[in-house]
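Shown next, in structure tokens, is the structure this report addresses.
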Amino acid sequence: MSGRDATAQSKPDAVHSTWREYGGAPDGAQYSSLHQIDRSNVGKLQRAWTFSTGDERGYAFNPLVIGRTMYVLAHDNSVVALDAATGNELWSHAFHAKSSLITNRGLNYWESGDRHDRRLILSVDNALRELNAETGQPIESFGMNGVVDLRDGLGRSPESLTLVQSYNPGRIFGELLILGSATNEEYGSGPGDIRAYNVLSGKLTWTFHTIPHPGEPGYETWPKDAWKTVGGANAWSGMALDEKRGMVFVPTASPKYNFYGANRPGSNLYGDSLLALDARTGKLIWYYQMVHHDIWDYDNATTPMLLTVRHNGRTVDVVAQASKVGFVWVFERETGKPLWPIEERPVQKSDMPGEETWPTQPFPTKPAPFARQAFTVKDLSPFLEPGERETVRKQMLTARNGGLFTPPSTEDTVEMPGNNGGANFGGAAIDPARGYFYVVSKDLPSMLKLTLAVEPLKSGTPEVRGHALFEANCSLCHGSDRGGKPPVIPSLVDVDGRLADEEISKVIRYGKGPMPAFAKLGDPEVESLLAYLKHPDRAPESPKETTPQAKPVVGDPARAHYRSGFGFMFAQNGLPVIAPPWTTLTAYDLNTGDMRWQIPLGEVPELAAQGHPNTGSHFPKVNPVVTAGGLIFTGSRDRKVRALDSRTGKVLWESEVGAAMDGMPAIYEVDGREYVVFCAAARSTTRTHSVPGHPASQEPIHGAYVAFALPTSAKKP
């Protein structure tokens, strides 16, 4: 291991005094041991510098700080080096990604023991690349001419895999880069293998198969040879590295397809699991599966958190995992033994043809859930217009709504937490010494409805064929009228006037935001979709009635590819249909398993101006960071950054930054001065929702990295 790793082990607190990794440190704790900024002086924070991204592209990037140099993503997805004390640009490297795929939440950094070899590592276009950290020049000796194709070695034709790389970076252990993946959401997605590559050569060193191969434990929980055809069970979110033990903790996602699993009967290990792997070899040490045979897209979406607690009179090193379901799971780190009992409880059976849901699901008895797990008409938002409220109420009353783990059906099915709710990437943080755990929840229900996939038309004009493809693949989310549900699901009306054909094609092929990649669509299908989106007036109003060639794929239920829209339940004003708070921050004491406090986090400025300040932000991916100064720093979609008292959740300081924010701040020190830097450049930087008296604004806003620090006169030694 490098000299840095050895120092970190001998001085555990030193690891959290810098921001050299995604999440601050190898354990991803989202914690800083710096304490110059504390409760007593945080109100004096002022802007130290601002660096514009130079574009309108959305970023959710966690800056990396090595010494005096900060690394960010800006200038059309270029890696940019800045002076961390001034924000002045040092150099920039553009990749010109063909697909717009790039590791957009953080970077990996590696250095040799003598620091003569220093590298930045990231994924671009489904391939690993490395840059010289001092100059920004590509390292051509890595892989083959500087490239390691991540599509290789997965047991599939590389050309068939449109999405392999994760938008999160991996973890560095010695000379290994341990990496997950973000397979697309479709049938036939790639398998979610966990892999380790040598940072010098790019050689694949070890692989853990999350869909087991013959002879591997868990193989019997899938159909025969499922690893050849089924995808997912991947690790797209953050991993946590216990350097002292040489263990890496990996949270995995759902198998694919997300909402219908007739092609994969069984409990489907190691989907929706927490894996403890030997970081040197990839060997499984222990696992726990949080959702059996997932048909709800209930990923473990946050980084596992490594803490030390006092439990039943003894000191215990634990790992805690938050998920979309709204639970926090706590295990002894070395053995995987739950700290509190977990009960397998019966759940509702699916009525879908060929679907074999698992009869039980695990429920932790402690801690209490941090997210709402039910949604009925009694919970409708008071901010719905009367007519829309009645429409949603009627839909809710006729929908299947059996609470948590209600199986999706061909009828409307309420899902709460929704598949984009609960905890998401970067949503958890800790005070590792005190055993305190903090988690952000987005309370956003979904309405799922399965429909049978159709074969593409072989005849008719391009617009007619495109209309049929749109109804089969796109209308579930964007609506048959192409209106979408802004701000999450954009309108496609006149989309050709806003985006070039190439940009639309990229989104269809590779996905963007909540939209999955449609890998199964070839060039003719994409061209037909483009033709329809340009000239919908040339297509018939009802393709189901006028295109009899579009026949469902039926017969073997395992091949009957049912699909569902993501079904996020937003009102026409862009706000959730459920009553606020829409975002909460919950604090737990994991020594006892008790909830310390829970608060609404953020606001909707238009509603706050009308006297409704405690709604929580309406569409967040909030990544909190805890400090030894007793603070929690966050930013959210309301264009504000805040410092909260970690004891109570009370807001002690806030500042407007001009643009919405997803992602995680970084906390670091240069020349004895502590800085907090935010990436204020979320994807939706325009106000696309409106409430009475506050019409929507479409003014484009450039993003920026904004650093705050105390005035020199207010600094503590």
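The values are calculated or read from the model by the stated rules, or taken from the named source; none is laboratory data. Keep in mind that this is a model prediction, so the values were computed, not measured. Here Cβ is always computed from backbone atoms with ideal geometry, including for glycine, and neighbour counts include all displayed protein chains.
For the reader, a short list of remarks on this structure follows.
- Subset of the range 126-150 (residues that are at pLDDT 95 or above and under 21 Å from Ser505 (Cα atoms)): Ala127
- Failed criterion for Ser409 (all others in (1) of a type outside the set (Phe, Trp, Tyr); (2) in contact with a Leu (Cβ under 7 Å, 6 or more places away or on another chain); (3) closer than 30 Å to Tyr588 by Cα hold): (3)
- When the range 246-298 is limited to residues that are farther than 20 Å from Glu344 by Cβ and among the acidic types (Asp, Glu), the one that is surrounded by the fewest Cβ atoms within 10 Å (Cβ to Cβ) turns out to be Asp278.
- Note on the range 466-483: residues that are small (Gly, Ala, Ser) and part of a helix (DSSP H, G or I) total 4.
- Of the set (1) of a type in the set (Ser, Thr, Tyr); (2) farther than 19 Å from Thr357 by Cβ; (3) assigned to a loop (DSSP other than H, G, I, E, B), all apply to Ser409 but (2).
- Residues (out of contact with any Asp or Glu (no Cβ under 9 Å at 6 or more places or on another chain) and in a loop (DSSP other than H, G, I, E, B)) located in the range 236-261: Gly238, Met239, Lys244
- Residues in the range 21-36 that are over 11 Å from Ile172 (Cα atoms) and in a loop (DSSP other than H, G, I, E, B): Gly23, Gly24, Gly28, Ala29, Gln30, Ser33, Leu34, His35, Gln36.
- Looking only at the range 454-472, and only at residues there that are in contact with a strand residue (DSSP E or B) (Cβ under 9 Å, 6 or more places away or on another chain) and either at positive phi or surrounded by fewer than 21 Cβ atoms within 10 Å (Cβ to Cβ) (or both), the one that is modelled with the highest pLDDT: Glu471
- Residue match in the range 685-693 (condition: assigned by TED's automatic domain parsing to the domain that holds Pro605, modelled with pLDDT of 95 or more and either farther than 18 Å from Gln30 by Cβ or within 27 Å of the chain's Cα centre (by Cα) (or both)): no
- Number of positions in the range 10-52 that are under 21 Å from Asn108 (Cβ atoms) and of a type outside the set (A, V, I, L, M, F, W, C): 14
- Residue that is modelled with the highest pLDDT, among those in the range 543-596 that are of a type in the set (D, E, K, R) and in contact with an Asp or Glu (Cβ under 6 Å, 6 or more places away or on another chain): Arg596
- Of Val164, Val199, all but one fail to be β-branched (Val, Ile, Thr) and touching a strand residue (DSSP E or B) at 6+ places or on another chain (Cβ under 7 Å); the exception is Val199.
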